[in-house]
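Peer 1: The structure under discussion is supplied below as structure tokens; questions concerning it will follow.
The values are calculated or read from the model by the stated rules, or taken from the named source; none is laboratory data. Everything quoted here is computed from the prediction, not taken from an experiment. Heads up, the Cβs are rebuilt from the backbone with ideal geometry, glycines too, and the neighbour counts pull from every protein chain shown. Note: areas computed on protein heavy atoms with side chains; ligands, DNA, RNA excluded. Shrake-Rupley method; radii C 1.70, N 1.55, O 1.52, S 1.80 Å.
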Amino acid sequence: MIKRLPTLLLCVALAVSGCGSGGSSTSGTTTSSDTGSGVTAPSIATQPASLAVDAGAAASFTVSATGGGTLAYQWRKGGTAISGATSATYSIAAAATGDAGSYDVVVSNSAGSVTSAAATLTVNAVNAAPVILTQPVAQSVATGSSVTLTVSASGSGTLAYQWRKGGTAIDGATASSYTIATVAGTDAGTYDVVVSNANGSVTSTAVALDVTTTTTSSTGTAVYNAATAFYNTLSSTQQGTVQVAWSVDAARRWSNLPAAMVSRNGLKWGNLSTAQQTAALALIKAALGDTGSSLQAGMQAADDYLAANGGGSSYGTGNYYIAFVGTPTATGFWMLQITGHHLTWNIALNGSYKSPTPLFLGIEPKGTFTVNGTTYDPMAAQRTAFANLGTALTAYAAAKLSGTYSDLLFGANGSGGIDGTCPRAYSGVTTHGIAYSALSSADQALAQAAIRAYVNTQTTEYANDLLGAYLSADALAQTYVAYAGTGTVTANGNYFRIEGPRLWIEFSVQRGVIFNSDIHYHTIWRDKFGDYGGKCVN
């Protein structure tokens, strides 16, 4: 939430390409970079969905995209452009078996283009029995979050669904998706679904739902008490401002851009009295512990350093914000959000359950710096971990991504410069690097060190819970590690990613904005099932 003034025009110009939210690759395929013309390159907001229809029935694909200027569309089948299919929706009035295949759409404007994920059209013969197109996927979630199991099937006529747990039908679970809104430990088990129509039935693959236990920590109560103490220092007007009604859309209102460019929730740090700031720091300490609160202090100091070295008043500690998204409670759900230019905490609490993602970290200058006689290096752990991992990955050809990445895929690159759609389209990412299992044991340790560098920003009991989920044998068997560029953390355009069944970490090296002959970092830690307290799951 940082910014500046006379040099503001320079910041704005640089932020568009260097500190801004635009990336050069998206889910599905590749986009081109912003040309610097001021027009934002297109990005896919909603991917076209696969569908199955009976022969003779209508079929329609739709894409939703954002971007500057006028967007152009070109639908393709099997990579070949379809004549006249140049709008956001492509329809076939009466599908024939020859129409079955893979469809995608290229969306373009003057700043570049993006290709959607491929969607499959299945055309069923008359009187066809059900066939499973996409099996449900095993998942691992924390108690208190939500989870959805989904199947995709085709067959003539109307399809009926019956989800089962351990072979026993679940009352009311008769749609293609089955959602448990608030997962309990007793929900762990094996699930499948029977799909039927007038011509027969088929049973899906049975998949496991793993439920991680909730810590018995009293942190939730301690954070609530600290939040109450902070709240009581505020005026009635400030109390109305710090409190934001809960919604996922409200929670997504954070950015990697200074707050003067993208507004934030809650109270501005610079408008708090000394006593109020002291109470706020106590709240941050209660929520994050020593490591996280030290990181917070270092990141704010980095912005002070930018303010004093050419950034101006748009940068600095005073431009951070603190908000309660939802009403603080010791037993129910709410979220503490602390957001600034290069740091956003989204700390969701639900009794003894805590979810700390998405966590955005970025920093300029990239290494050590001194403010008011104190020397800081707040992102040393994350930078060092990826420097070591990157060096190791260059020995594995399969680890290198072919694309180029000017920023994070899933950072704050939604419309308006805030966090994007929820949940993110992880399934649209088609290049994954090398499997964790293919690394040497020494290099596996480096990958784990990179994961720990993010998770250990939390209090020990919660960090241990999350590491237990991310580093379990089952999770690591589904984890991939990748890099793009030269494998160092010192060259503009280099990029790293770690992705598992729950985990998503990206680390992007970008050119400096205030120190434009140097580089700076953007990174993100997401939990596919735990972001915003598990309320960002289909």
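Peer 1: Identify the residue in the range 62-78 that is of a type in the set (A, V, I, L, M, F, W, C) and assigned to a strand (DSSP E or B) and, among all such residues, is nearest to Y90 (Cα to Cα).
Peer 2: Among residues in the range 62-78 that are of a type in the set (A, V, I, L, M, F, W, C) and assigned to a strand (DSSP E or B), the one nearest to Y90 (Cα to Cα) is W75.
Peer 1: Being open to solvent by 40 Å² or more (accessible area, probe 1.4 Å) and either within 17 Å of the chain's Cα centre (by Cα) or polar (S, T, N, Q) (or both) is the filter; apply it to the range 424-443 and report the residue that is nearest to G403 (Cα to Cα).
Peer 2: Taking the candidates together, the pick is T431.
Peer 1: Looking at the range 280-310 only, could you name the residues that are open to solvent by less than 20 Å² (accessible area, probe 1.4 Å) and within 15 Å of F230 (Cβ to Cβ)?
Peer 2: If the condition is that a residue be open to solvent by less than 20 Å² (accessible area, probe 1.4 Å) and within 15 Å of F230 (Cβ to Cβ), then A280, L283, I284, A287, L288, Q296 are the ones that fit.
Peer 1: Would it be correct to say that A260 is open to solvent by 70 Å² or more (accessible area, probe 1.4 Å), modelled with pLDDT under 95 and touching a Lys or Arg at 6+ places or on another chain (Cβ under 9 Å)?
Peer 2: Answer is yes for this residue.
Peer 1: Which count do you get for residues in the range 354-382 that are of a type outside the set (A, V, I, L, M, F, W, C) and over 20 Å from the mean Cα position of the chain (by Cα)?
Peer 2: Of the residues in the range 354-382, 13 are of a type outside the set (A, V, I, L, M, F, W, C) and over 20 Å from the mean Cα position of the chain (by Cα).
Peer 1: Also: In the range 463-475, is there at least one residue being touching a Ser or Thr at 6+ places or on another chain (Cβ under 7 Å), touching a residue at least 40 places away in the same chain (Cβ under 8 Å) and surrounded by fewer than 17 Cβ atoms within 10 Å (Cβ to Cβ)?
Peer 2: Yes: the range 463-475 contains one or more residues that are touching a Ser or Thr at 6+ places or on another chain (Cβ under 7 Å), touching a residue at least 40 places away in the same chain (Cβ under 8 Å) and surrounded by fewer than 17 Cβ atoms within 10 Å (Cβ to Cβ).
Quick grid of which residues meet (1) assigned to a strand (DSSP E or B); (2) of a type in the set (V, I, T); (3) within 23 Å of T97 (Cα to Cα):
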| residue | (1), (2), (3) |
| --- | --- |
| V123 | yes, yes, yes |
| T158 | no, yes, yes |
| Y161 | yes, no, no |
| T182 | no, yes, no |
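Peer 1: Pull up the range 472-518, narrow it to residues that are among the basic types (K, R) and closer than 19 Å to N256 by Cβ, then point me to the one that is modelled with the highest pLDDT.
Peer 2: Step by step, filter the range 472-518, then rank; the result is R497.
Peer 1: Are any residues in the range 365-388 β-branched (V, I, T), closer than 17 Å to A308 by Cβ and open to solvent by 40 Å² or more (accessible area, probe 1.4 Å), and if so, which ones?
Peer 2: Passing the criteria: T368, T370, T374, T375.
Peer 1: Of the conditions (1) part of a loop (DSSP other than H, G, I, E, B); (2) surrounded by fewer than 17 Cβ atoms within 10 Å (Cβ to Cβ); (3) at pLDDT 95 or above, T391 fails just one. Which one is it?
Peer 2: Every condition holds for T391 apart from (1).
Peer 1: Same structure, new question: So how many residues does the range 336-385 have that are closer than 25 Å to G417 by Cβ and hydrophobic (A, V, I, L, M, F, W, C)?
Peer 2: 11
Peer 1: Still on this structure, please answer the following. Taking the conditions exactly as written (out of contact with any His (no Cβ under 6 Å at 6 or more places or on another chain), surrounded by fewer than 21 Cβ atoms within 10 Å (Cβ to Cβ) and not in a helix (DSSP H, G or I)), does T357 satisfy them or not?
Peer 2: no
Each row is one residue, and each column tells you yes or no for (1) touching a residue at least 40 places away in the same chain (Cβ under 8 Å); (2) within 30 Å of S196 (Cα to Cα); (3) among the β-branched types (V, I, T).
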site	(1), (2), (3)
F61	yes, yes, no
T80	no, no, yes
G84	no, no, no
D99	yes, yes, no
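Peer 1: How many residues are acidic (D, E) and closer than 30 Å to G420 by Cβ when one looks only at the range 53-96?
Peer 2: Going through the range 53-96 one residue at a time, the tally reaches 0.
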